[in-house]
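Down below is the structure, laid out as structure tokens.
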Amino acid sequence: MLPTRSALPLASSVLALALLAGCTAPAPAPTSARDDLEPTTSVSAAVGQEDEAPAPPPAGAGLDYQLGGAYPPPDGVTVVVRDVTDSPAGAGYDVCYVNGFQTQPGESETWLRDHPDLVLRDDDGEPVADPGWPDELLLDTSTDTARREIAQVVGAQVDACADAGFDAVEPDNLDSFTRSSGLLTRDDNLALAALLIDRAHARGLAIGQKNTVELGEDGRALGFDFVVAEDCAVHDECGDYAAAYGTRVLEIEYDDEPDLSARLADACARGVSVVGRDRALSTPDDPGYAFESC
């Protein structure tokens, strides 16, 4: 879950490209299981790129999580996560945020107009919203056809990340199935994730699993290259992520929970990249801005 999605409206140009791609681009071949997917090389050929293993973020590097707005990275930071609508920081390694499994704030009406069949509906036919973020609608990953189409829309945003010069992509809300009242399953979302993994790798981007500790080692086996973990120390999840990804972890700990400095020190001792941020992910000119490292 991204704490500040309300501050991240999707740029109209990126969304227009994505929606056009969703209508016109040929769909890759997804299924509900990674073993049944077409090889990555076929996807690579479809987008005209070589099939190469992209480099994950360097372990233990200085990290900043700038989803509330871009600003010059603090001293010592070489890994920066920014929204797809922002430019790469150019500090060393750049990660691009996209909303992979839900609509962006302010764009729900666009999805309902242009892709009504891709929005999850309840038994009454009403769109299903994220209970914690009611301005975001869950995307319907329950069928092969829908996953193909969603992968084209979100895939255009992945392409935008690559074209802008980012090194990796972070698709958010992989865990939307946990908020779907049983309408979506873990396997539904993993099947879409597999398509996004292939799309990212075909464009030379590493791709990160966002939270979703319940996957265990399945996310890494599916093809995710690293994990973005929020407040894993608070929820006693860091060890589970380490079991799957080792030190390929971007850890964000928020300052509205106790013992931030101790949590950061523990992460540094584990050799992972970590940053302490304010929950709103503010920019330095905001009075609520907080940034801490170790």
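No value in this document is a laboratory result; all are computed from the given coordinates. Quantities reported herein were computed from a predicted structural model and do not represent experimental measurements. Glycine gets a Cβ as well: all are built from the backbone with ideal geometry, and neighbour counts include every protein chain shown.
Observations on the structure shown:
- For the listed peptides 202-210, 142-150, a ranking on the average number of other beta carbons within 10 Å per residue, highest first, reads 202-210, 142-150.
- Scattering profile of region 101-214 at q = 0.18, 0.22 Å⁻¹ [log10 I(q)/I(0), Debye over alpha-carbon scatterers]: -0.90, -1.30
- Value of Rg to Rh for region 178-294, rounded to two decimals, is 1.01; Kirkwood radius and Rg both from alpha-carbon coordinates.
- Inter-part distance where region 237-294 and region 160-203 are each reduced to a Cα centre, Å: 23 Å
- Sorting 240-252, 125-137 by their mean Cβ neighbour count within 10 Å, with the most densely packed peptide first, gives 240-252, 125-137.
- Kirkwood analysis of region 146-186, using all unique Cα-Cα pairs, places the hydrodynamic radius at 11.8 Å.
- D_trans [Stokes-Einstein, Kirkwood Rh over alpha-carbon pairs] for region 172-226, 4 °C, 1.567 mPa s, µm² s⁻¹: 113 µm²/s
- Mean projection of the Cα convex hull over all viewing directions, computed for region 79-157: 6.2 nm².
- Charge tally in the Cβ shell below 14 Å around Thr185, where Lys, Arg are +1 and Asp, Glu are -1, Thr185 excluded: -4
- Tail weight of P(r) past 13 Å, computed on alpha-carbon pairs of region 234-278, percent: 51 percent
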